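To start, the structure under review is shown below, and the notes come after it.
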């Protein structure tokens, strides 16, 4: 299967609302995969490329808890902690967004070591995003610039293992500038990889020992958001089923909606029309639909 690249402009209704609030949002966001994740409950987890066993096990444990609680996990597809974060999310059936510092076409995905991970993200209804097209030249500075997108998409950022010059600390700084929550996992004072998180905790970041330390900060708000969404969007069982399918798969052909719902073609057609009239879904042409 191939996943087309979609250009989402800042004034588009599906542009991520949280990202649009930062001081310097990308004017164009290139997206590939399940674009409904852009406005889901996102939380970022980042860290060093040269992780230790402690960092790996910590990331796996915390990310598993966050993903199982319904968070969309955001990271940067880098080697080390980022890769563990994405893979762990996929392993437990969660949804993840990878923010790249270059193009998101197959020939441009980097690092090449994580190409197959990027493909697995797409195959499992995840999302690749970037502010760079496949024609843009890639510079090392791009990766620091893209960190504002990782934090900008997210309600909060967790740093797991980072030395004093780690890019993960740039993401944490972006989060602070954007008025996002910053969390950090403490580590040994003898480990250079824990210097970054320990410094963040010393500076006021919330110390995290397990996923519940984060979940407890947001759980009530997530429940309220879910209830509001349900009350606004759901009008009848057929519409509810269509919304659930588009939430799960992002974009679907009408034939897929009919097949997956198990409902009558006429009922689906009427409900699709009503949802489109109310501005809840969009007909993308050729029988393809997505949520707005």
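The values are calculated or read from the model by the stated rules, or taken from the named source; none is laboratory data. What you see is a predicted model, and the numbers here were worked out from it, not measured in a lab. Backbone-built Cβ (ideal geometry, glycine too); neighbour counts: all protein chains shown.
A few remarks follow.
- Number of residues in region 145-167 that are in a loop (DSSP other than H, G, I, E, B), touching a residue at least 24 places away in the same chain (Cβ under 8 Å) and in contact with a helix residue (DSSP H, G or I) (Cβ under 9 Å, 6 or more places away or on another chain) equals 8.
- Condition check for residue 170: assigned to a helix (DSSP H, G or I), assigned by TED's automatic domain parsing to the domain that holds residue 84, closer than 23 Å to residue 54 by Cβ and in contact with a helix residue (DSSP H, G or I) (Cβ under 9 Å, 6 or more places away or on another chain): yes
- If you go through region 174-192 and keep only what is buried (at least 22 other Cβ atoms within 10 Å of the Cβ) and farther than 26 Å from residue 24 by Cβ, you end up with 185, 187.
- A single entry from 158, 153 fulfils the requirement of being under 17 Å from residue 68 (Cα atoms), assigned by TED's automatic domain parsing to the domain that holds residue 48, at pLDDT 95 or above and under 19 Å from the mean Cα position of the chain (by Cα): 158.
- Put simply, of 239, 228 the only residue that is modelled with pLDDT under 80 and outside the structural domain of residue 67 (by TED's automatic domain parsing) is 228.
- Considered as a group, the residues in region 8-21 that are in contact (Cβ under 8 Å) with a residue 40 or more places away in the chain and more than 23 Å from residue 181 (Cβ to Cβ) include one that is surrounded by the most Cβ atoms within 10 Å (Cβ to Cβ), and that residue is 14.
- Test result for residue 160, surrounded by fewer than 21 Cβ atoms within 10 Å (Cβ to Cβ) and closer than 28 Å to residue 54 by Cβ: no
- Checking each residue in region 45-57 for being crowded, with 24+ Cβ neighbours inside 10 Å and assigned to a helix (DSSP H, G or I) picks out only 55.
- Residue in region 126-141 that is within 17 Å of residue 176 (Cα to Cα), in contact (Cβ under 8 Å) with a residue 12 or more places away in the chain and in the same structural domain as residue 193 (by TED's automatic domain parsing) present: no
- When restricted to residues that are over 14 Å from residue 211 (Cα atoms) and in a loop (DSSP other than H, G, I, E, B), region 61-83 contains 5.
- Residue match in region 22-30 (condition: under 24 Å from residue 215 (Cβ atoms), at pLDDT 95 or above, in the same structural domain as residue 186 (by TED's automatic domain parsing) and buried (at least 21 other Cβ atoms within 10 Å of the Cβ)): no
- Qualifying residue in region 123-135 (condition: farther than 30 Å from residue 5 by Cα and in a loop (DSSP other than H, G, I, E, B)): no
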